[in-house]
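Below you'll find the structure, written out as structure tokens, and then a few comments.
Just so you know, all these numbers are worked out from the coordinates, no wet-lab data involved. No experiment lies behind these values; they were computed from the predicted model shown. Note that each Cβ is placed from the backbone with ideal geometry, even for glycine, and that neighbours are counted across all protein chains shown.
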Amino acid sequence: MLKSKRSPILPPPPPENKYEIFIDSEQCDGCELCLSFCPKDIIEISEDKFNSRMLHYATVVKPDECAGCRQCERLCPTVSLYIVEIYIKEEKNNE
Ligand code: SF4
Ligand code: SF4
């Protein structure tokens, strides 16, 4: 498999955090900007699913590998995508 040559615009945050990616499939236009700039190839356009406007929308395929760089979030022209940061330390404290 080809290795991505893309890199985040800003350095990713510390690795002790993990990230969840939320995509509003109804708002997404399937423009592919987010996946074109994701350095980890985490997002793909669904091939067999459509939203109510009959557009293929973006889906997350490797959620655990997100680096949290937020490049996708910054670039999305329809504000359909956002990243939520989860502090692993906080999770451990709550256990
Ligand atoms: S924040 Fe977005 S662009 Fe960055 S690694 Fe995660 S899914 Fe990819
Ligand atoms: S950049 Fe936004 S509108 Fe374009 S495919 Fe990604 S989530 Fe959808």
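Some notes on this structure:
- Amide H contacts of residue 19 (H built 1.01 Å from N, under 5 Å, at least 5 apart or other chain): 86
- Approximating the spin labels as points 7 Å out from Cα along Cα→Cβ, the residue 31-to-residue 6 distance works out to 1.4 nm.
- Taking other residues whose beta carbon is less than 15 angstrom from the beta carbon of residue 9, and scoring Lys, Arg as +1 and Asp, Glu as -1, yields +4.
- Peptides 28-40, 44-56 ordered by average Cβ neighbours within 10 Å, highest first: 28-40, 44-56
- Classification of region 17-86 by its C-alpha gyration tensor yields a prolate form. The axis ratio a/c (a ≥ b ≥ c) is 1.5 or more, and a/b outweighs b/c.
- Built amide H within the under 5 Å cut-off of residue 45, gap 5+: 59
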